[in-house]
1. What is the distance, in nm, between label points placed 7 Å from the Cα along the Cα-to-Cβ direction at residue 144 and at residue 105?
2. How would 60, 53 rank on accessible area, largest to smallest, probe 1.4 Å?
3. Mind grabbing the accessible area of residue 36 for me, 1.4 Å probe, Å², rounded to tens?
4. Between residue 130 and residue 34, what FRET efficiency follows from the Cβ-Cβ distance if R0 is 45 Å, with the result rounded to 0.05?
5. Find the accessible area per residue for segment 1-144; the probe is 1.4 Å, ligands and nucleic acids are left out, and the unit is Å².
6. With a 1.4 Å probe and all protein chains left in place, how much of the accessible area of segment 107-151 comes from carbon and sulfur atoms, in whole percent?
7. Expressed as a rounded percentage, what relative contact order does segment 34-155 have, with Cα pairs under 8 Å and six or more residues apart?
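The values are calculated or read from the model by the stated rules, or taken from the named source; none is laboratory data. The structure displayed is predicted, hence computed values, not measured ones. Backbone-built Cβ (ideal geometry, glycine too); neighbour counts: all protein chains shown. These area figures cover heavy atoms from the full protein model, side chains too; ligands, DNA and RNA do not enter into them. Shrake-Rupley method; radii C 1.70, N 1.55, O 1.52, S 1.80 Å.
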Amino acid sequence: MSDIKQLLPPSALTSERAIEVVIAEPTVGIDEPIGRLWNVDNCPAEVLPWLAWSFSVEVWDHAWAEGVKRNVIRDAVRVHRQKGTKSAVIEALSSLNLPSEISEWFEHGGAPHTFFLEFVASDIFAGGYTLSQSFVALVDQVLANTKPVRSHYDVRVSETATNNFYVSPAMAEVMIDGAAMILSLIHI
């Protein structure tokens, strides 16, 4: 490294000098080799938001567990390659530890360009989520960024089957920006 402390001319602005001081300071920044920073498995946790930004991750929450953050970054390129497909939606949701199933309109006889996205409640809870407005907003944000633009959807949340089952009339409808997302709670 050079012993030169200043590269700016005497006419430099105060803000330019402040930037020069920060850049020249060897203790400022990250003391990791660049190759380690670009590897999602080796990247320090405090740098993950910048790695996510560099991979164009569109849905990010600083409150997620570190493993979820790493999964989202790891799967970002695959999701971007498949955007606008059923696979992209499933991949993006599974990166968040939210396994789901999609039934497209031609599979269930619905209106063209619609689909049902189904979650199992125990999978949602196992992923660290609750059935709340924030969960609905997260799913809506993921779908808005990955589904085909022309498609509309309904979301169903059900419980897994045990020995006996019965259907409860419990039904909740949540509004997001004027679009209804239906959470059908089927007790089994």
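1. About 2.2 nm, to one decimal.
2. Working: 60 65, 53 195 Å².
Putting 60, 53 in descending order of accessible area: 53, 60.
3. Looks like 110 Å² after rounding.
4. Working: r = 39 Å, r/R0 = 0.87.
Rounded to the nearest 0.05, the efficiency is 0.70.
5. Details: 8860 Å² over 144 residues.
On a per-residue basis, 62 Å².
6. Roughly 57 percent of what the probe reaches on segment 107-151 is carbon or sulfur.
7. The value is 23 percent.
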